[in-house]
Each structure stands twice: as structure tokens, then as C-alpha cells.
Amino acid sequence: MPENISPIAINASDVPPRTQPSIYPEPFASRMAGREKRQLGDLFGLQNFGVNLTRLTPNAVSALRHAHSRQDEFVYILQGRPTLQTAKGCVQLSPGMCAGFRAGTGNASHLINETTEDVVYIEMGDRTPGDVVTYPDEDLQASLVDGKWQFAHKDGTPY
């Protein structure tokens, strides 16, 4: 949305969900079924960091388990009880809890909704250029090049 017509304020749930459920290549994109993102930061034209209101239906995951080389991430749970899975183990989160993921640690993470209720949370991350994402459980890596994610196999072959 152009800067001159961005809203001053809006109810976050009124922001339309992202039309493309995932930017992952197949076979990974289809594994994001049940995840709905509302791109709040983009609505306001934010350039330095992104903010999403995200909903996970039962059995959905936030992302493939991943770690960023340059971008920090943060989540704040609004509703539900997702399981946070990291290289250090699993922790069940609840409303009011938050977690942060510092860039460059290699501690890959994601949220899993293992309950029968929806999970809703705010996620934030910076947009540092040159970021590389590793996915320890998958034959996948990603690089942020000129503002666009490029996906490849771990041997460097593009998807």
C-alpha cells in the first residue's frame, strides 16, 4: 500500500490474510496448511522490521524449524497453547508468554499447535539484508537477496 494511503491505525484482525500461504517451494509449502498470516508491518509500510498476526489451526506449524544468520525474531502468544520446539527442547507456551530468537545462534525453532484449539500470536522480525536461513530437519536453505528469498537444496542446487 502506498505511503500516502496507509492507515493511521486499524484492528489487526481486519487486515486481510496473506494470499500466498507460504513462500517455501514444494514439497514444503503444502506443510504450512493451517497457518494464516496477516502482514501488519507491510500494511503500514514498515521497512526495518516485519510484524504478523498469525493463526495456527490444530496440527499446524508456524514454519519449518529454522535459524536465521542475521535476523532476530520474536513471538508473543495471544491465544492458545503452542509448543515451541528448539534445538534445546520443547516448551508449551500460553497466552502472555513470549520468546525471542537472536540471529546467528543456530538454535533453530518453530511453533507447533498440538492442541484442538486455534493459536494466535504476534511475530516480529527484522529485515537485515544478507540473511541466510538454515533448516536442520530439511534439505533446504534460504538466502535473502535484493529483498527476495531464494531457496536451494543444502548442496546449493536451486529449487
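Things to note:
- Per residue, the chain reaches -500 deg cm²/dmol at 222 nm when only DSSP H runs of four or more residues are counted, each adding -39500 (n - 2.57).
- If the segment from Ala152 to Thr57 were pulled out straight at 0.36 nm per residue, it would be longer than the present Cα-Cα gap by 31.4 nm.
- Convex hull projection area averaged over all views, region 41-91, Cα basis, nm²: 4.8
- Packing-based exposure ordering (other Cβ within 10 Å, fewest first) of Tyr121, Tyr135, Tyr76: Tyr76, Tyr135, Tyr121
- A simple spin-label model places pseudo-atoms 7 Å from Cα toward Cβ; at Glu117 and Leu78 they are separated by 1.5 nm.
- Equivalent ellipsoid semi-axes, the chain, via Cα gyration tensor eigenvalues times 5, rooted, Å: 23, 21, 15
- Each residue of region 98-115 was assigned a 3J(HN,Hα) from its phi angle through the Karplus curve 6.51 cos²θ - 1.76 cosθ + 1.60 (θ = phi - 60°); the sequence is 9, 8, x, 10, 6, 4, x, 7, x, 7, 5, 8, 6, 9, 10, 9, 9, 9 Hz, with glycine and proline shown as x.
Taken together, the values in this text are just the output of simple stated rules run on the coordinates, not laboratory data. Not measured: the values here are computed from a predicted model. All Cβ positions, glycine included, derive from the backbone under ideal geometry; neighbour counts span all protein chains shown.
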